[in-house]
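The values are calculated or read from the model by the stated rules, or taken from the named source; none is laboratory data. Being a predicted model, the structure only gives us computed values, none of them experimental. Positions of Cβ are backbone-derived with ideal geometry, glycine not excepted, and every protein chain shown enters the neighbour counts.
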């Protein structure tokens, strides 16, 4: 068995005195899509932020490509090739589409063919028509595409994707699903935090069910799909 | 009025607008990215002026010509840029996450350090730089002579605006800076090393400050007062333009330049009053300035008194301390009593500020306004109304309360850094009024002959009067802190939306706090005026405001007794150390920086924390 790309063992995190994660473990292998599913407030977003070094965390092991990344500053984690697309998209609204992409640009690493604005515009044709437009003049779905494209400009080997389907039109959710498949086809691994069960089920290889800051289930997506009782209890679907 | 005069006035306004913009542009850029209001920006400007006034004549010895002159100006700005880099690496980098009060104080510490260093390095006398070669002859415009150097300055502003615009729009550094202005965390998540970005921004900001200062040398002699005067003006420009906005700063500088040029025709004495009115109007209509945006700051930035239960033992301690203080005249000589009187006055002054900052989370950076109003109110009562002390003291308190009500009415609409800047500006205006309205206030000389009534004169009697008044005022304020009113203020400090959601009228509470605090500071000011027998504009100056803040910081912002202890310690230190050294400001500045960096809880807070940790 090869070492996982992202390895999380016993991760705990807290906001001040309020603990949110209680010794959570999961892993992400190269090129796979893993869905982190769970109810609102279960700790999905905090998990991703803790991995990126955006909230203070402790862990027995937190490693990316075999390198420990706990207590590493966020920009160093990102430079190792771990991309992050936050839940609220966080587009730079004063910057144009092309400038937003420029902020994300980093040299490609060996093995993967580099992402360029042109390639990304093919992946998200909507963006191609608004290169010079500012972030504050874009719809939620367009901002979501731009947020993902911006992170891809850093040529990451893995992406932490927080609720990409939240608050956007169904037709765009379809575009998101295609984009995630395209990333996977390029060899980019995706850890996807999702509340939209149907969306997550459609594109993920494996699933981690998170409840109150702990992992309740970890296994192939088809096993979770088969286990209606667990789904009803932990996800309400 | 002749049209040619209007044109010349307008050109003068444009020239000062250009200078102001170049400096303020650096301030606003640094704020935009680092979220730090760099008080030391004016000091960088001053260093730029001194460096150029020394370097350019030296260079001109080797080759006299315009190229040498301008190369010297640019080299001076570069030197200042490098100083900015050092400042970022040594200090600013450590306080990016600190509450804004600490950031302001720490950078003001740098102001103090630079003031002493500049005198050490360049000497105490003003240095007038050479006139620019090739630009010595005035040009004739509509039959009037106009200095040609001013025309170059008028062009310099738009040139700098254009270059900064190109840098921000067309380079990767610029795109990253603009992104970081908006969302630093996201920029880091995309793999950008902010340290480099911030250092680069500080270089740019300091370079512009240095350039602004260096460009002044043919017009104004480099002097030790230019740091605070330019920082006050730059604050107004950045606040009016919207903090972080370069075009906003340009527009604001243009408006202010013209206002100053033509304000002289309306208020010959104080053009600053016009500028202040502009700032007040702009902030009343747009609380974030012309091109500013609402602050996106996560969580609370306020630091203050935490929830506390008044202990019954506190009262006993207070009574004992009071009794001991009352016995002091039995053992102390006249000099010690004089020092003790001053300590009590400043303890009340600092304590009144505690109500705003510690309890209300309202970072007032111009508390000297109320101290000075109290002092001037009392002195004016004596001077013009021949009022006895018994009437003059309440008059001072009243004037301070009214001033606080007026300033507060504007200020409570604002938040965070805008509030701090506005209070600072208000105090600077009062300073200017006291300085320039010579007929009434005596100008720079102030008002003398402010002596206490017969029954209160003499060191011992006046000490006891001060003790009585200070103790009463502190007890009243303490009662206010522990009353529901104080709880409401704290609730608003910790979470504005939640406090509003439970039905608190935040603005009204804060306004009342302003009046109370202003009145208490005014009482302190009045007592101070009688203790010295005179008043002068320095009572309203920035250093007086910072004194109160330093006492608060030294004692501990999160404690109730902190300001009292802080006042005692700072005053005692000053009394001991100032006669020994000419570098008191250097010492004070370094101390402020050290407190912010090493023990931000202050003396009382540290002791309390240490006791808590042991039990």
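The table below lists the values:
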{"item": "Condition met for residue A:217 (free of Cβ contacts under 8 Å to residues at least 40 places away in the same chain, touching a helix residue (DSSP H, G or I) at 6+ places or on another chain (Cβ under 8 Å) and part of a strand (DSSP E or B))", "result": "yes"}
{"item": "Helices (runs of 4 or more DSSP H) wholly inside the range A:120-189 that include at least 2 residues being crowded, with 19+ Cβ neighbours inside 10 Å and away from chain B (no Cβ under 14 Å)", "result": "A:140-152, A:170-185"}
{"item": "Some residue of the range A:93-104 being part of a loop (DSSP other than H, G, I, E, B), surrounded by 19 or more Cβ atoms within 10 Å (Cβ to Cβ), touching a residue at least 40 places away in the same chain (Cβ under 8 Å) and over 20 Å from the mean Cα position of the chain (by Cα)", "result": "yes"}
{"item": "Test: residue A:109 is assigned to a loop (DSSP other than H, G, I, E, B), away from every other protein chain (no Cβ under 11 Å) and under 30 Å from residue A:135 (Cα atoms)", "result": "yes"}
{"item": "Pick from the range B:565-583, criterion touching a residue at least 40 places away in the same chain (Cβ under 8 Å) and under 22 Å from the mean Cα position of the chain (by Cα), ranking: surrounded by the fewest Cβ atoms within 10 Å (Cβ to Cβ)", "result": "B:583"}
{"item": "Residue B:196 vs. criteria within 14 Å of chain A (Cβ to nearest Cβ) and outside any helix (DSSP H, G or I)", "result": "no"}
{"item": "Residue match in the range B:220-240 (condition: within 14 Å of chain A (Cβ to nearest Cβ) and either more than 18 Å from residue A:75 (Cα to Cα) or assigned to a helix (DSSP H, G or I) (or both))", "result": "no"}
{"item": "Among (1) over 29 Å from residue A:9 (Cβ atoms); (2) assigned to a loop (DSSP other than H, G, I, E, B), the one test that residue A:88 misses", "result": "(1)"}
{"item": "Positions within the range B:532-546 being in a helix (DSSP H, G or I) and surrounded by fewer than 21 Cβ atoms within 10 Å (Cβ to Cβ), in sequence order", "result": "B:532, B:538, B:543"}
{"item": "Residue list for the range A:8-22, restricted to those being modelled with pLDDT of 90 or more and surrounded by fewer than 21 Cβ atoms within 10 Å (Cβ to Cβ)", "result": "A:9, A:10, A:12, A:22"}
{"item": "Enumerated helices (runs of 4 or more DSSP H) restricted to the range B:435-525, each holding at least 3 residues that are in the same structural domain as residue B:416 (by TED's automatic domain parsing) and closer than 30 Å to residue B:317 by Cα", "result": "B:459-482, B:484-494"}
{"item": "Selection within the range A:67-96 - more than 7 Å from chain B (Cβ to nearest Cβ) and farther than 20 Å from residue B:182 by Cα", "result": "A:67, A:68, A:69, A:70, A:71, A:72, A:76, A:77, A:80, A:81, A:82"}
{"item": "Residues of the range B:376-393 satisfying the condition of being in contact with a helix residue (DSSP H, G or I) (Cβ under 8 Å, 6 or more places away or on another chain) and touching a residue at least 60 places away in the same chain (Cβ under 8 Å)", "result": "B:376, B:377, B:378, B:379, B:380, B:382, B:389, B:392, B:393"}
{"item": "Evaluation of residue B:132 against (1) in contact (Cβ under 8 Å) with a residue 24 or more places away in the chain; (2) more than 14 Å from residue A:99 (Cα to Cα); (3) within 14 Å of chain A (Cβ to nearest Cβ) (one fails), failing number", "result": "(3)"}
{"item": "Qualifying position, being part of a helix (DSSP H, G or I), touching a helix residue (DSSP H, G or I) at 6+ places or on another chain (Cβ under 6 Å), within 14 Å of chain A (Cβ to nearest Cβ) and under 30 Å from residue A:108 (Cα atoms), among B:201, B:181", "result": "B:181"}
{"item": "Condition check for residue A:210: more than 22 Å from residue B:191 (Cα to Cα), over 12 Å from the mean Cα position of the chain (by Cα) and buried (at least 23 other Cβ atoms within 10 Å of the Cβ)", "result": "yes"}
{"item": "Qualifying residue in the range B:53-63 (condition: crowded, with 23+ Cβ neighbours inside 10 Å and more than 24 Å from residue B:238 (Cα to Cα))", "result": "yes"}
{"item": "Pick from the range B:483-506, criterion closer than 22 Å to residue B:522 by Cα and touching a residue at least 60 places away in the same chain (Cβ under 8 Å), ranking: farthest from the chain's Cα centre (by Cα)", "result": "B:486"}
{"item": "Residue satisfying all of: in the range A:48-66; touching a residue at least 60 places away in the same chain (Cβ under 8 Å) and out of contact with any strand residue (DSSP E or B) (no Cβ under 7 Å at 6 or more places or on another chain); farthest from the other protein chains (Cβ to nearest Cβ) among these", "result": "A:66"}
{"item": "Every residue from the range A:37-47 that is part of a loop (DSSP other than H, G, I, E, B) and in contact with a strand residue (DSSP E or B) (Cβ under 6 Å, 6 or more places away or on another chain)", "result": "A:38, A:42, A:43"}
{"item": "Test for residue B:285: is it modelled with pLDDT of 80 or more, closer than 24 Å to residue B:29 by Cα and surrounded by fewer than 11 Cβ atoms within 10 Å (Cβ to Cβ)", "result": "yes"}
{"item": "Failed criterion for residue B:213 (all others in (1) part of a helix (DSSP H, G or I); (2) crowded, with 23+ Cβ neighbours inside 10 Å; (3) within 14 Å of chain A (Cβ to nearest Cβ) hold)", "result": "(3)"}
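To keep it simple, each residue is scored yes or no on (1) over 30 Å from residue B:281 (Cβ atoms); (2) modelled with pLDDT of 85 or more.
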site: B:412; (1), (2): no, yes
site: B:416; (1), (2): no, no
site: B:425; (1), (2): no, no
site: B:441; (1), (2): no, yes
site: B:479; (1), (2): yes, yes
site: B:511; (1), (2): no, yes
